[in-house]
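Worksheet for the structure shown next.
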Amino acid sequence: MMNIALFGPPGAGKGTQSKMLLEKYNLTYIATGDMLRTEIAEGSELGLLARSVIDRGQLVSDEIIVQMIEKKISTNPDTKGFLFDGFPRTVVQAYILEGLLLKMNTSLNSVLSLEVPEEELVRRLVERGKTSGRSDDTPEVIQLRLREYYDKTEPVAGYYRDLGIYTPIRGIGAIEEIEHRLDEAIVSSLKNTWLNVVLAGPPGAGKGTQSAMLAEKFNLVHIATGDVLRKALAEGNELGLQAKPYMERGEMVPDEIVIRLIEKQMMHHQHARGFLFDGFPINIVQAYILDGMLKKMDSSLACMINLQVPTLESINRLLQRGKTSAATSCDANAEIILKRLLEYETQIKKVDSYYISQKKFIPIEGIGPIEEINDRLSRQIEEAFKGIR
Ligand code: AMP
């Protein structure tokens, strides 16, 4: 899940910018001010309670706010995430939000603060008052709301600054320019929360099948080196042409080419929840390369899951596959299969120790029905998600 809070004084443009963010990231909108206005319009008991407080420019009680948010959260259990606008407005509400998100095994990823000078805020709000029909958009109440903001809400910034998830954004200029600044901030905060996992295992371990299932289930981008190379080859682009002679000879494609292709693929999916690498790294050099690549993108690897299958089982599966249409040229005969397995075993031992020493190595039994193996792997991915803010 991706949870964002738009922060800033009244008139900073939170409502306006929310529209773009909601559309682009497919989030559920939690705008406490809007929710209160709906309650008032409906004449509900809660609305009656809130009305006089709002008209005095003060903050509505936490009980009312929590009730409304809980309702919204519980009616959207399958959401991709939440966009909060106008909440949290006090440090106490910031704690409340931690608790609400913790209940869903998630947390706030980013607080984006729209910064606008006070004169401009007043100008915007007075202008809005001419058409908004909001009883709190009058010059007197605007002053009260701003005081309430500087007294109670501004200190919340420090709370999130300490957590390292606070980004100030210049809130003046054309709407599209501000949109662009917000989007850039989201992309860079997402990189910190990408979940990057390597799924390793011998040829025939079921990495392809399992990676595709996991990517779908957890909304991760599946990066299968073989597929990426075949796609480049089919497209006939520059990198594809460079890789072609190696692939035709059945040799390893040089790292320079592989890295550029993987990097391109990742840059293309910057808004991803994370990446699942399948077929990379297959040697120690590539393990170093992957760390370097992720570091360059302000990210890191969460873990390496090694799908363990006994050699005889691998041989058997590859021989079976060799008889079907899913066969790749390397599954053709026992001699080639043995060569691949031998090559794998020599290289992977060093890769395993690399991740063991970093405490990122997770061996998983790769024998059994596909769904059972998938459950085992899913549990590990869920664990890994918990390690990320
Ligand atoms: P807004 O639409 O965000 O400008 O909110 C309008 C008014 O609703 C505020 O001035 C407050 O009186 C009330 N309100 C909105 N959100 C909250 C909140 N999180 N906590 C307390 N009061 C709120």
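For this structure, a couple of remarks:
- Residues of the range 349-389 that are among the acidic types (Asp, Glu) and within 24 Å of the chain's Cα centre (by Cα): ASP375, GLU382, GLU383.
- Residues of the range 14-41 that are within 8 Å of the ligand (Cβ to nearest atom) and in a strand (DSSP E or B): ALA31 alone.
- Residue list for the range 61-87, filter: among the hydrophobic types (A, V, I, L, M, F, W, C) and within 24 Å of LEU21 (Cβ to Cβ): ILE65, VAL66, MET68, ILE69, ILE73, PHE82, LEU83, PHE84, PHE87
- Any hit, the range 260-277, residues being under 26 Å from GLU345 (Cα atoms), over 21 Å from the mean Cα position of the chain (by Cα) and among the hydrophobic types (A, V, I, L, M, F, W, C): yes
- Here the range 65-86 is the region considered, the condition is being free of Cβ contacts under 8 Å to residues at least 24 places away in the same chain and either within 13 Å of the ligand (Cβ to nearest atom) or outside any loop (DSSP other than H, G, I, E, B) (or both), and the residue that is farthest from SER135 (Cα to Cα) is SER74.
Rundown of residues vs (1) hydroxyl-bearing (Ser, Thr, Tyr); (2) farther than 18 Å from ASP34 by Cα; (3) out of contact with any strand residue (DSSP E or B) (no Cβ under 6 Å at 6 or more places or on another chain); (4) part of a helix (DSSP H, G or I), yes/no style:
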| residue | (1), (2), (3), (4) |
| --- | --- |
| SER135 | yes, no, yes, no |
| GLN143 | no, yes, yes, yes |
| TYR149 | yes, no, yes, yes |
| ILE169 | no, yes, no, no |
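- Meets criteria (touching a residue at least 40 places away in the same chain (Cβ under 8 Å), more than 13 Å from the ligand (Cβ to nearest atom) and either in contact with a Cys (Cβ under 8 Å, 6 or more places away or on another chain) or within 30 Å of THR193 (Cβ to Cβ) (or both)) for VAL116: yes
- Residues satisfying the stated conditions in the range 47-59, i.e. within 12 Å of the ligand (Cβ to nearest atom) and surrounded by fewer than 19 Cβ atoms within 10 Å (Cβ to Cβ): GLY47, LEU49, ARG51, SER52, VAL53, ASP55, ARG56, GLN58
- Screening the range 90-108 for residues that are part of a loop (DSSP other than H, G, I, E, B) and within 21 Å of SER189 (Cβ to Cβ) and picking the one that is modelled with the highest pLDDT gives LEU108.
- Only a single criterion out of (1) part of a helix (DSSP H, G or I); (2) buried (at least 20 other Cβ atoms within 10 Å of the Cβ) is not satisfied by VAL111, namely (1).
The values are calculated or read from the model by the stated rules, or taken from the named source; none is laboratory data. If you're wondering where the values come from, they're calculated on a predicted model, not measured in any experiment. Neighbour counts are summed over all protein chains in view; Cβ atoms, including those assigned to glycine, are modelled from backbone coordinates with ideal geometry.
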